[in-house]
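First comes the structure, then the notes that go with it.
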Amino acid sequence: MLAVLGILAASCDDDLVPPTPQQNPQEPVITAGDITTEKAGVLATEDAAAIPSIDLKNYYDEATAEAIPVPVLKNVQALNMNEGAQVVYRLEISNTASFSDKQVLDLTPGTTEETADIYYADPSEWNTAHITLFGQSPKAQTAFYRVPVYVNIADTDFRYDSNDFYALVGEMSVSRLQPDFSIEAEYFVYGPFIGGNTPASGVAMQHSDRDEYDDPVFTYFFEATESEVATGYTLMVAPASVKNAGGNAQQCYGAGQEEGVLTLAGQPIKVEVAGPYKFEVNMKDFTYTIAVAPKVLYAPSDGAKFNKKCLELPTSDYVTYQGLTFLHNGFTLTGQKGWTPVAYGKGDVEGSIKAIPNGNSADDQIPVENEGSHWVNVNLAKMTVETTFVKTLGIVGGFNGWGETEDPELKHDSNYSVWTGEFEVKAEDVAAGACEWKIRANSEWSVSFGEPKWEGNVTVENQAEFDGANWKVTEAGKYEVKFDCSTYPYTMTITKK
């Protein structure tokens, strides 16, 4: 077979197909024609049903700061090799079984007589590949591996057997080299007006869904009153381990000598002016910011800017901002009718946002495909944004079997801020109790509006609330509906015709 490969190397015009080698299904030895391999080192396990567990930290000598090669595969035999031909093994690793995203490591033979048949991976290269696939987290990750085989003749690699042949295939659990920084999964804020004056009384900071090593930023939203500021509104940051162990302030983080820098056993961080704030800490580089949290967000787009189409996105917690507004092509988010001091644009990952210095840049625009009204949902703790194109707003209820027939549509004004329409309730609907109704977008339920359903809500007359309860009519007849989202709270006015 290898002789045939030599012929192929000499002439690309000959359409020669190498014979398929015999295979021995016996494990752990996998035979492929003249080249036979078996799992070695980290891939060899006594329990055939168990996946191997690999900790790359075990292949780094801390005393000498030298990497220790990772044994992967043993070359049992390579028969009938052409003169000068060499067998080449590569380790492919992936975070998916399909290997749609993979990293490839060269495997090199040992340098002594005893290890010449063992093939090794460089742990530093493996660590880099692992981070590319799985991120910075030191937690063990399940990886998929396979080993393609090549024969190198005259500095040219030929795939052995076929493009679908792999000497070894399987799964493994891999832990990366220990990063040069340590981050806990949770952090807490405490102070005289936040929980109490001890780490044990701390309130949890918010964090995105990503691993803390890939996203080391934690946030806390709060509002300081004038009386609290006069008394002394301060914050300290407690790691979860300190809070749970009942530790003290000397084990927590406060303000360092440099502005915006956290330090262990630092001074309490002081808030000087009353107002709503976003407190953000980066537990990788130990920096922090305290910025004014906007009471509303705007989503100016190239077709709206800050005109009457650019409606407010309100919040009740300074974390989630959501509302209806006009969008076209792309938009940014601002905390005021201007670009400073609070502006957010397109993040590095789809659906994410990041702080930007100037919302006018085309590169900062968060794209949208449709022109018109959109439901926009922003989370400033997770730094995410979701948009839903509102192709239609319609009325749904018992009168149409809750969507069994078409929802009567509401028509919008030129600013997409006032929507009007009508529906009819028949006497038999009232008799059957089918007289409740709501407003919903696109004839489905991801965006709908009804009357407030939570106790303690600050309501106005005919207030319309996102995902609210059903409204109800008591008499048969035709009704005209006016849904106004030009200001918040939204309102619904119904008039019997």
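The values are calculated or read from the model by the stated rules, or taken from the named source; none is laboratory data. Predicted, not measured: the structure shown is a model, and the values here were computed from it. No Cβ is skipped: glycine too gets one built from the backbone with ideal geometry, and neighbour counts run over all protein chains shown. Please note that ligands, DNA and RNA were not included when accessible areas were found on the heavy atoms of the full protein model with its side chains. Shrake-Rupley method; radii C 1.70, N 1.55, O 1.52, S 1.80 Å.
Residue count for segment 466-488 satisfying the condition of being under 32 Å from the mean Cα position of the chain (by Cα) and either without any contact (Cβ under 8 Å) to a residue 40 or more places away in the chain or closer than 22 Å to A431 by Cβ (or both): 3. Here E27 passes the criteria (1) at pLDDT 70 or above; (2) within 46 Å of the chain's Cα centre (by Cα); (3) not hydrophobic (A, V, I, L, M, F, W, C) except the one numbered (1).
For the criterion of being open to solvent by less than 40 Å² (accessible area, probe 1.4 Å) and either out of contact with any strand residue (DSSP E or B) (no Cβ under 9 Å at 6 or more places or on another chain) or of a type in the set (V, I, T) (or both), V342 passes.
Selection of first residues in segment 229-245 that are farther than 22 Å from A291 by Cα and of second residues that are of a type in the set (A, V, I, L, M) and surrounded by fewer than 24 Cβ atoms within 10 Å (Cβ to Cβ), restricted to Cβ pairs under 7 Å at least 6 apart or on distinct chains, gives the following pairs, ordered by first then second residue: A240/A185; K243/A200.
Would you please name the residue that is farthest from V319 (Cα to Cα), looking only at residues in segment 256-290 that are among the aliphatic types (A, V, I, L, M) and either modelled with pLDDT under 95 or assigned to a loop (DSSP other than H, G, I, E, B) (or both)? Residue satisfying both the conditions and the ranking: A265.
If the condition is being open to solvent by 50 Å² or more (accessible area, probe 1.4 Å), modelled with pLDDT of 90 or more and among the hydrophobic types (A, V, I, L, M, F, W, C), then segment 77-98 contributes only A97. Cβ-Cβ contacts under 8 Å between residues 6 or more apart (or on different chains), taken from a first residue in segment 372-391 that is acidic (D, E) to a second residue that is not in a strand (DSSP E or B), are listed as E386/G351. Set side by side, the residues D101, D61 differ, and just one is in contact with a helix residue (DSSP H, G or I) (Cβ under 7 Å, 6 or more places away or on another chain), acidic (D, E) and open to solvent by 50 Å² or more (accessible area, probe 1.4 Å), which is D101. When segment 462-483 is examined, which residues are found to be surrounded by 18 or more Cβ atoms within 10 Å (Cβ to Cβ) and of a type in the set (D, E, K, R)? Hit for segment 462-483 is E465, nothing else. May I ask you to verify whether P199 is touching a residue at least 40 places away in the same chain (Cβ under 8 Å), under 19 Å from A255 (Cα atoms) and open to solvent by 30 Å² or more (accessible area, probe 1.4 Å)? No; evaluated as a whole, the condition is false for this residue.
The one condition from (1) open to solvent by 50 Å² or more (accessible area, probe 1.4 Å); (2) on the phi > 0 side of the Ramachandran plot; (3) within 21 Å of the chain's Cα centre (by Cα) that N329 does not meet is (3).
So that you can scan it fast, the table gives a plain yes or no per residue for (1) of a type outside the set (A, V, I, L, M, F, W, C); (2) in contact with a Leu (Cβ under 9 Å, 6 or more places away or on another chain):
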residue	(1), (2)
A355	no, no
S361	yes, no
E371	yes, yes
H374	yes, yes
V378	no, yes
K382	yes, no
E386	yes, no
F399	no, no
G403	yes, no
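Only strands (runs of 3 or more DSSP E) whose full extent lies in segment 92-184 are considered here, and the ones with at least 3 residues that are of a type outside the set (V, I, T), more than 27 Å from the chain's Cα centre (by Cα) and farther than 30 Å from N282 by Cα are 118-121, 156-159. Scanning segment 162-184 for residues that are farther than 20 Å from A121 by Cα and either open to solvent by 60 Å² or more (accessible area, probe 1.4 Å) or among the hydroxyl-bearing types (S, T, Y) (or both) gives S162, N163, D164, D180, S182.
Of the numbered criteria (1) exposed (fewer than 15 other Cβ atoms within 10 Å of the Cβ); (2) closer than 22 Å to L380 by Cα, the one A238 fails is (1).
List, please: which pairs have Cβ atoms under 8 Å, are six or more places apart or on different chains, and start with a residue in segment 99-120 that is over 11 Å from A40 (Cβ atoms) and free of Cβ contacts under 8 Å to residues at least 24 places away in the same chain and end with one that is assigned to a loop (DSSP other than H, G, I, E, B) and open to solvent by less than 40 Å² (accessible area, probe 1.4 Å)? Pairs found: A116/G110.
Checking D317, D348 one by one, the residue that is acidic (D, E), at pLDDT below 90 and either part of a strand (DSSP E or B) or more than 16 Å from P276 (Cβ to Cβ) (or both) is D348 and no other. Working only within segment 215-250, note down all residues that are in contact with a helix residue (DSSP H, G or I) (Cβ under 9 Å, 6 or more places away or on another chain) and of a type in the set (D, E, K, R). Scanning segment 215-250 gives a single hit, K243. Quick check on segment 217-231: of everything there that is of a type outside the set (S, T, Y) and open to solvent by less than 20 Å² (accessible area, probe 1.4 Å), which residue is farthest from the chain's Cα centre (by Cα)? Here the answer is A224.
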